[in-house]
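See below for the structure under consideration.
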């Protein structure tokens, strides 16, 4: 990753936001969300089909992704504002 700590924090915060959003969309309708990813090589489509066929598992993984995204965001400490 970049050596700039501010850039690193922003990148991690952005990743966390993507994870939280993806998890919430998946929780609402896991089958619809997974069907959006049913393009590509046969092996990939078989992999995605597992999530479509097992919405409970998909929701469980979405909850884990949500928790990880919130944890990652919480770990990013903003630069403190100081007055000169």
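Scan the range 16-35 for residues that are surrounded by 15 or more Cβ atoms within 10 Å (Cβ to Cβ) and more than 21 Å from residue 51 (Cβ to Cβ) and jot them down.
Across the range 16-35, the qualifying residue is only 16.
Close contacts from the range 30-45, counting a first residue that is touching a residue at least 12 places away in the same chain (Cβ under 8 Å) and a second that is in a helix (DSSP H, G or I) and exposed (fewer than 10 other Cβ atoms within 10 Å of the Cβ), with Cβ to Cβ under 9 Å and a gap of 6+ residues or different chains, come to 30/56. If you take the residues in the range 63-84 that are in contact with a helix residue (DSSP H, G or I) (Cβ under 9 Å, 6 or more places away or on another chain) and not in a helix (DSSP H, G or I), which one is modelled with the highest pLDDT? Within the range 63-84, the match that is modelled with the highest pLDDT is 76. In this structure, residue 66 qualifies as within 18 Å of the chain's Cα centre (by Cα) and surrounded by 15 or more Cβ atoms within 10 Å (Cβ to Cβ).
Residues that are out of contact with any helix residue (DSSP H, G or I) (no Cβ under 6 Å at 6 or more places or on another chain) and not in a helix (DSSP H, G or I) within the range 5-62 comprise 29, 36, 39, 40, 41, 54, listed in sequence order.
The values are calculated or read from the model by the stated rules, or taken from the named source; none is laboratory data. Everything numeric in this text was worked out from a predicted model, so none of it was measured. A quick note on method: Cβ atoms are made from the backbone with ideal geometry, for glycine too, and the neighbour counts reach across all protein chains shown.
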